[in-house]
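Remarks on the structure that follows.
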Amino acid sequence: MKRFLGLFLAAVMLLSLGSCDTSSNNDTITEQQFPSCFAYVHDLSTGVNAIYNSVGYTLRLNYSKATADVTITGLRVPDQSNSYSYPQLKLTDLPWSIEKGVTVVSARNVQASSASAQPVMLSSFTLKVKDRIITSGSSYIYKPGFSVNYTIDGRYSVFSGNTDTAVMYGITTSTCETPFVHFATDATAYELSFNLDTRTVQILIKGARFMDKMPALDIVLQNIPITFYGSKVTWEAERIIPLIGGVTFETYPITNLKGEYDFSTEMKMEFDCNPATVPGAPTFHVTSDCTFDAALGTDI
């Protein structure tokens, strides 16, 4: 009953997140705003790239006509004078659909109206929203997946996503040869905090456990370099000394770290851990497979 009530309240909250109205012809329209996004902009002609903050997106979905309007604010692109701005771009009557629970707005060769310049041509445009409610204590928080990809005038490739901390759940699996261990749990959570100025990510692994009787630990991995690739961010590090309870743990080295995060779909990560405090100093190989559909659970 408690689980049913929680899901019911989450659904009600989700419906209330976007404003809903009906136009004079009785179309049903919802609106969502994503005001705090970054934009990773790559100049295809020069190879120059830049990251800009404070980019906003407003999404209006017409359920009656299956069309979408998107407004982009605060966008900039690099040029010879450092940057050029598009204060506001508007795209109208784009097709949209729901694919595997993800709202997808996608079109090619779209002309966007600009408030201060000539119309801008977007040779491709894809916006994805994965609606999601997570619980924090007794509260419900809207933490959607959100990503946008488009190309401006055939020159600037743009990728945008949310700048707030990403929270991901899924299955974490640990294996070890000596002693033999195969342990899986979906009670571990991951929080990804991106620093776009330094192009690094901090990863908090909440409730980390690599074997059955291991106490749950909150492990922090800091200052991991990130690379942008399509609609994903990837990272890799040979060796990291983690923080546990705010203390540096030299005896708990994390090695061979690799991971990727899609802002509207999933997170995958793997690493090795060789805790010297465990008898025999075994090496655990840990893999994480997280999606926006997953929730916290128990040992599997």
_Estimated dipole of region 159-300 in Debye, rounded to 20 [Cβ of Lys and Arg +1, of Asp and Glu -1, Cα centre]_ = 200
*So, in Å, what gap is there between the alpha-carbon centers of region 127-190 and region 40-79?*
21
*Cut-off under 5 Å, modelled amide H: who pairs with SER147 long-range*: LYS128
*At 0.36 nm per residue, minus the direct Cα-Cα distance, what do THR255 and ILE241 gain on full extension? Give it in nm, one decimal, please.*
4.2 nm
*What is the packing order of peptides 246-254, 129-137, 161-169, taking the mean over residues of other C-beta atoms within 10 Å and listing the highest first?*
161-169, 129-137, 246-254
*What nm distance separates the two modelled labels at GLN33 and THR126, each placed 7 Å from Cα along Cα→Cβ?*
2.9
_Can you tell me, using C-alpha contacts under 8 Å and at least 6 residues apart, the relative contact order of the chain as a whole percent?_
12
*Taking 0.36 nm per residue of separation and subtracting the Cα-Cα distance, what length does fully extending ASP197 through GLN222 add?*
7.5 nm
*Most fluctuating residue given options GLN32, GLN88, GLN118, as computed from a GNM of the chain linking Cα atoms under 10 Å*: GLN118
*Cut-off 13 Å between beta-carbons: net charge of the residues surrounding ALA237, Lys and Arg +1, Asp and Glu -1*: -2
*asked:* Positive end of the dipole of the chain, charges at C-beta (+1 Lys, Arg; -1 Asp, Glu), about the Cα centre: which of THR173, TYR252, PHE284 has its Cα farthest in that direction?
replied: THR173
_Helix-derived mean residue ellipticity, 222 nm - over the chain, DSSP H n ≥ 4, -39500 (n - 2.57), to 500_ = -2000 deg cm²/dmol
_Most fluctuating residue given options ALA50, ALA184, ALA281, as computed from a GNM of the chain linking Cα atoms under 10 Å_ = ALA281
_Summed residue charge, Cβ within 13 Å of GLU270's Cβ, Lys/Arg positive, Asp/Glu negative_ = -2
*Taking a point 7 angstrom from the Cα of LEU44 along the C-beta vector, which residues in region 133-167 have backbone N less than 18 Å away?*
148-160
*Distance in nm between pseudo-label sites at ILE171 and SER54 (7 Å out along the Cβ direction from Cα)*: 4.5
*Assuming 1.002 mPa s and 20 °C, estimate D for region 90-198 with Stokes-Einstein, Rh taken as the Kirkwood radius over Cα pairs, in µm²/s.*
123
*asked:* About the Cα centre, and with charges only on the beta carbon of Lys, Arg (+1) and Asp, Glu (-1), how big is the dipole of region 196-270? Nearest 20 debye, please.
replied: 100
_What value in Å³ per residue do you get for the convex hull of the alpha-carbon atoms in region 145-233?_
126
*asked:* Just to be sure I understand the curve: with the Debye formula and one point per C-alpha of region 226-300, what is log10 I(q)/I(0) at q = 0.14, 0.17, 0.19, 0.25 Å⁻¹?
replied: -0.58, -0.81, -0.95, -1.14
_Spin-label model distance (nm) - SER64 vs MET214, 7 Å beyond Cα toward Cβ_ = 5.7
_Quick check for me: using +1 on Lys/Arg Cβ and -1 on Asp/Glu Cβ, what's the dipole size of the chain about its Cα centre, in debye to the nearest 20?_
400
*The list [x] 24.3; [y] 21.2; [z] 20.1 gives values of Kirkwood radius over Cα pairs in Å, and only one came from this structure; which label was calculated from it?*
[y]
*Under 26 Å Cα-Cα from LYS143, which lysines qualify once same-chain neighbours fewer than 8 residues away are excluded?*
LYS2, LYS90, LYS100, LYS128, LYS130, LYS206, LYS232, LYS258, LYS268
*Put +1 on the Cβ of every Lys and Arg and -1 on every Asp and Glu Cβ in region 45-151; which of GLY56, VAL120, VAL104 then has its Cα farthest towards the positive end of the dipole?*
VAL104
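Read-outs throughout are calculated quantities, based only on the coordinates presented, and are distinct from any laboratory measurement. For clarity, every value in this text was computed on a predicted model and none was experimentally measured. Positions of Cβ are generated from backbone atoms using ideal geometry, with glycine treated the same way; all protein chains shown enter the neighbour counts.
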